[in-house]
Amino acid sequence: MKNCFIILAAGKSERFNSSIPKPYIKYKGKPIILHSIDKAVKSKLFDKIILVVNKNHKKYLNNNITKNIKVINGGLSRSESSYKAIQYIKKSKIKNVFIHDAARPNFSIKLINKILVNLKKNDCVVPALKSIDSVKIKKNKKLYNLNRKSIFLTQTPQAFKLQTLLSLKKNISETITDDSSLFILSNKKIKLINGEKDNYKITTSKDIKENLSIYYGLGFDIHRLKKGRKLFLGGVNIPFHSGLDGHSDGDVILHSIIDGLLGACRLKDIGHYFSDKKKKFKNIKSSLMLNQIIKKINSKGFHINNIDINLIAENPKVNKIRFQILKNISKLCNISLDKINLKGKTTEKLGLIGKEKAIACEVIVSVKCYD
Ligand code: ZN
């Protein structure tokens, strides 16, 4: 056989709005990267599978991903990463090399078989689609029509005879967006075969919308007001005659948000993580607690979508403190201001809250998860 499948996943995923790097986001039940690996393994066509990763993303690799493959560190650009992988195999007995972008998880095993058959008589085989859109090109500020019949949108995996690719890589230092560009720059023949419509590149989070789930969580909290304590609401110190009593700073808004988040992600409740029996949490700032919980839910693939808050207090009046609080929550939760709302509610002077002896809060949050 002597075939090698190289998967490039070393990019920084800058166009992808997520705290988890794109290759490791779950898509159709598993990390994007694993789709390519599994298909390469299942095809039984490859003696070696190499995954090129960004060294800062190594914490996302686990045994599930790495069991059948060799992992190497990529470079600063796509061309540098593929160069490193090629260098790694240049002294091996590999004859044919496939280079594939991890961001295209939907290719079929049939496609790699077809590519390999075509590689027998060619040095470079590339799957491509004809453009269905009309294409214009701008030159010197003027637009020109291009004949769309002669436009090809190239995909990966692209396959090469290793020795030809090595010789071209040596001679060309230009930065290229894919390896077949080397063949064009050197006037060498590329065999185009029909690509697959489903083999699109996942570029932004919108591309995996179909797998996006939304979950909701409810939070509630109440604390007594006590003279001589500072009042914290939404992590902001608000001038007031009393502050909220509690093991921590008693911030009812942040506690409700934490419980809402834990609820939405099915991760128990605030007391499970910050027991009021534990000395180390005495007088802890609630913003630190929230920070810890956000890290936890992010690590499980959940991201905050929106937050709606009811603050139930006779005083202070929400109108005067709303913006400060929303701004701080937006910073703490790393979501934009237009995803958070704060409403004020009194209890018509009834009960402990009405007599300014307590403040309560209820929150509903939604979180998104790609699963
Ligand atoms: Zn509380």
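The values are calculated or read from the model by the stated rules, or taken from the named source; none is laboratory data. It should be emphasised that the depicted structure is a prediction, and the values quoted were computed from it without experimental measurement. Cβ placement follows ideal geometry from the backbone for every residue including glycine, while neighbour counts extend to all protein chains displayed.
Structure above, values below:
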item: Output for segment 222-247, where each listed residue is loosely packed, with under 15 Cβ neighbours inside 10 Å and away from the ligand (no atom under 16 Å from the Cβ); result: K227, G228, N237, P239, H241
item: Checking I293 against (1) closer than 19 Å to L332 by Cα; (2) within 12 Å of the ligand (Cβ to nearest atom), the condition it does not meet; result: (2)
item: Among (1) modelled with pLDDT of 95 or more; (2) touching a helix residue (DSSP H, G or I) at 6+ places or on another chain (Cβ under 7 Å) - the single one K110 does not satisfy; result: (2)
item: Any hit, segment 112-124, residues being surrounded by 20 or more Cβ atoms within 10 Å (Cβ to Cβ) and within 15 Å of N199 (Cα to Cα); result: yes
item: Whichever residue in segment 98-154 is among the charged types (D, E, K, R) and part of a strand (DSSP E or B) and, among such residues, is nearest to S79 (Cα to Cα); result: D101
item: Test set (1) free of Cβ contacts under 8 Å to residues at least 24 places away in the same chain; (2) not in a helix (DSSP H, G or I) - I20 fails condition number; result: (1)
item: Count of segment 39-73 residues which are in contact with a strand residue (DSSP E or B) (Cβ under 8 Å, 6 or more places away or on another chain) and either of a type in the set (V, I, T) or within 21 Å of N3 (Cβ to Cβ) (or both); result: 18
item: Candidate set from segment 320-352 (those that are surrounded by 12 or more Cβ atoms within 10 Å (Cβ to Cβ) and of a type in the set (D, E, K, R)); member that is farthest from F232 (Cα to Cα); result: K339
item: Yes/no for K343 being on the phi < 0 side of the Ramachandran plot, outside any loop (DSSP other than H, G, I, E, B) and modelled with pLDDT under 95; result: no
item: Y215 vs. criteria more than 30 Å from V252 (Cβ to Cβ) and among the aromatic types (F, W, Y); result: no
item: Number of the condition not met by D207 [criteria: (1) within 11 Å of the ligand (Cβ to nearest atom); (2) without any contact (Cβ under 8 Å) to a residue 60 or more places away in the chain]; result: (1)
item: Some residue of segment 3-18 being more than 20 Å from I112 (Cα to Cα) and in contact with a strand residue (DSSP E or B) (Cβ under 8 Å, 6 or more places away or on another chain); result: yes
item: Matching residues, segment 291-330, being among the hydrophobic types (A, V, I, L, M, F, W, C) and closer than 18 Å to A360 by Cβ; result: I307, I309, L311, I312, A313, V318, I321, I325, I329
